[in-house]
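The values are calculated or read from the model by the stated rules, or taken from the named source; none is laboratory data. Bear in mind that the values here come from a model prediction, so they are computed numbers and not experimental data. Ideal geometry is used to build each Cβ from the backbone, glycine not excepted, and the neighbour counts take in all protein chains shown.
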Amino acid sequence: MPSDDKYLARITRMIDRGVGKRLTFTRKNTNEGEVLQHTPPAAGEMDAEQGVYIEPPKALPILASCEVLVVGAGPAGLSAALAARRAGADVVLLERYGCFGGAITTVGMETLAWYRYEGTIESEGIGVEMERRAAAMGGTVKWPYNDSECLDADFFKVVADHLVRESGIRPILHCYAVDVIFEEGSNRLKGIVTESKSGRQVVLAQRIIDCTGDADIAHLAGASYRKTPKDKMLGMTTVFNASGVDKERFLEYTEAKPATYADWSRTWQQQTTGKEEVLRSPYLDKEFDEARALGVIAQDSTNLGGSWSSLTEAGEANNLNLAHMYGYDPTDVMDLTKAEMQGRAEALQALMALKTVVPGFEKAKLRNFGMTVGVRDSRKIIGRYNLTGDDVKSQAKFDDSIGIFPEFIDGYAVLILPSTGRYFEVPYGCMVPLEVDNLLVAGRCVAGDMVSHAAMRNMMACTVTGQGAGAAAAVSLQRNVTTANVDMADVQQELQRQGVRLH
């Protein structure tokens, strides 16, 4: 018979395991470190008929507590975190990858804004500041044919690190948001549940800003949203970079065979205002028809074509936005898996075509793919106000404006470039979900129809909503009101203090 002490210890361990408490056992001390063992979870309940597994209750440790939690650190999330911090809030910035920057750094999409033909008017604010900081640190080159900047995608990781460190934002990388926590008996969020190498943990916050791109937090919290039907969703893209390019020969080729935005209509049949047709574009499309005719690439590789971006003196062609996948839902993990694998295969076909038919690419090699497939379209919340295509096209004005964005539309077969100085105001209401309080949604998943999404999905527009959400979250804390009830005059005053153009 075991001693009473051993028996009680054994029973205690069994009870702790049953309620999901995590225990760490030290087996032996050695020069190579302790031998540890994690207590596995208690058995749950399998419901085969419903196709579900029911987890047992478990105690989750608190990873962090803060005033403002920003989930997702792309252009919207960085802008939200910086704006909230500059307005005096204690901010945690949580990101699922190992770097900040979102589509810039993880997809390899180098341009916060590539639309700056003569006449463009912008909101200024943190988005433009990030570009200027990257340029000052030596991390940009000029975009072809207009005044936009190309960011060095990998170097922007360092730029973002500097912005986060110097601001006093508290970063958490490699961490995924998987559930939400409400204040008891209310519709107000007070935290999220995360998954990471450290296990399942909780981050508590007084205000939460969803900058996931897919409205993940709003979805988990029960906010209403729309998803474009899968067969009408904007395509995903596998961005890749090539080395070994003869820059001089390639540029001679593009000058001998200049492409304009009229060439985009060969594939996408887009609507324009007419002024776009004559503008030069770093575009490759006919080259893939030639490669198919030569038998170099498959006849069914019909979704090849698009833009190139920067060329370095070292012979690198970056941001090759040429391989597109349609008919996939980016909120479905199996669709994402198929898109990632198809995208890499398509990108290699694109590179083979370039090597065969485009002067300067004869000795080109794959340098790298983006860390993840690029997504343009998924969930869009139903908001206090839902932007429309007419708003974007007719220079709409709003009393609750948080910034402006040029009349730039790119998607759903519409292409309008802001070369006449036209712009619209972005309303706070498009970030406010109807069913959940103390949650704001910024980035490409703000409320609106398909045409407005073709504007608001662009990264510089995401910085506008991000900065607006960050400022509003901080101001609502200072005034002791929720994000649904914050006074817009106070928010606008803070945004103007931060250098944002509102009207």
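Please name all residue pairs, on different chains or six or more residues apart, with Cβ atoms under 9 Å, provided the first residue is in the range 244-260 and is assigned by TED's automatic domain parsing to the domain that holds L351 and the second residue is surrounded by fewer than 16 Cβ atoms within 10 Å (Cβ to Cβ) and polar (S, T, N, Q).
From the range 244-260, the pairs are V245/T312; K247/T312.
Give me the residue from the range 27-44 that is of a type in the set (A, V, I, L, M) and not in a strand (DSSP E or B) and, out of that set, farthest from I209 (Cα to Cα).
Looking at the filtered set, the residue picked out is V35.
For the range 278-318, which residues satisfy the criterion of being among the aliphatic types (A, V, I, L, M) and within 17 Å of S243 (Cα to Cα)?
Within the range 278-318, L311, A314, A317 meet the criteria.
Could you list all residues from the range 269-297 that are within 32 Å of the chain's Cα centre (by Cα) and farther than 20 Å from T254 by Cα?
Q269, Q270, Q271, T272, T273, G274, K275, I297
Could you say whether any residue in the range 151-172 is among the small types (G, A, S) and more than 30 Å from L284 (Cβ to Cβ)?
The answer is yes; a qualifying residue exists.
Restricting attention to the range 388-430, which residues are without any contact (Cβ under 8 Å) to a residue 60 or more places away in the chain and at positive phi?
Q395
Take residues that are crowded, with 18+ Cβ neighbours inside 10 Å and tell me which of the helices (runs of 4 or more DSSP H) falling wholly in the range 232-296 contain 2 or more.
247-256, 286-293
With respect to L173, determine if the residue is in contact (Cβ under 8 Å) with a residue 60 or more places away in the chain and either of a type in the set (S, T, Y) or assigned by TED's automatic domain parsing to the domain that holds V71 (or both).
yes
Identify all residues within the range 322-361 that are without any contact (Cβ under 8 Å) to a residue 12 or more places away in the chain and either among the aliphatic types (A, V, I, L, M) or not in a helix (DSSP H, G or I) (or both); write none if there are none.
D332, V333, M334, M341, A345
For the range 383-394, enumerate the residues that are part of a loop (DSSP other than H, G, I, E, B) and closer than 19 Å to A472 by Cα.
The answer is R384, Y385, N386.
I'd like the full set of residues that are free of Cβ contacts under 8 Å to residues at least 40 places away in the same chain and polar (S, T, N, Q), limited to the range 189-241.
S196
So which helices (runs of 4 or more DSSP H) stay within the range 395-503 end to end and still have 1 or more residues that are under 19 Å from the mean Cα position of the chain (by Cα)?
450-456, 459-479
Among the numbered criteria (1) in contact with a helix residue (DSSP H, G or I) (Cβ under 6 Å, 6 or more places away or on another chain); (2) among the aliphatic types (A, V, I, L, M); (3) free of Cβ contacts under 8 Å to residues at least 60 places away in the same chain, which single criterion is violated by A135?
Of the numbered conditions (1) in contact with a helix residue (DSSP H, G or I) (Cβ under 6 Å, 6 or more places away or on another chain); (2) among the aliphatic types (A, V, I, L, M); (3) free of Cβ contacts under 8 Å to residues at least 60 places away in the same chain, the odd one out for A135 is (1).
Only residues that are hydrophobic (A, V, I, L, M, F, W, C), closer than 28 Å to E494 by Cα and not in a loop (DSSP other than H, G, I, E, B): list them for the range 107-156, please.
I126, V128, M130, A134, A135, A136, F156
Within the range 247-260, identify whether any single residue is closer than 18 Å to G306 by Cβ, touching a Phe, Trp or Tyr at 6+ places or on another chain (Cβ under 6 Å) and not β-branched (V, I, T), and answer yes or no.
yes
Any residue at all in the range 216-227 that is more than 27 Å from D147 (Cβ to Cβ), modelled with pLDDT of 95 or more and touching a helix residue (DSSP H, G or I) at 6+ places or on another chain (Cβ under 7 Å)?
Looking through the range 216-227, at least one residue is more than 27 Å from D147 (Cβ to Cβ), modelled with pLDDT of 95 or more and touching a helix residue (DSSP H, G or I) at 6+ places or on another chain (Cβ under 7 Å).
Restricting attention to the range 45-65, and to residues there that are among the aliphatic types (A, V, I, L, M) and either in contact with an Asp or Glu (Cβ under 7 Å, 6 or more places away or on another chain) or not in a strand (DSSP E or B) (or both), which single residue is surrounded by the fewest Cβ atoms within 10 Å (Cβ to Cβ)?
Residue satisfying both the conditions and the ranking: A48.
Quick check, is A205 buried (at least 24 other Cβ atoms within 10 Å of the Cβ) and part of a helix (DSSP H, G or I)?
No; evaluated as a whole, the condition is false for this residue.
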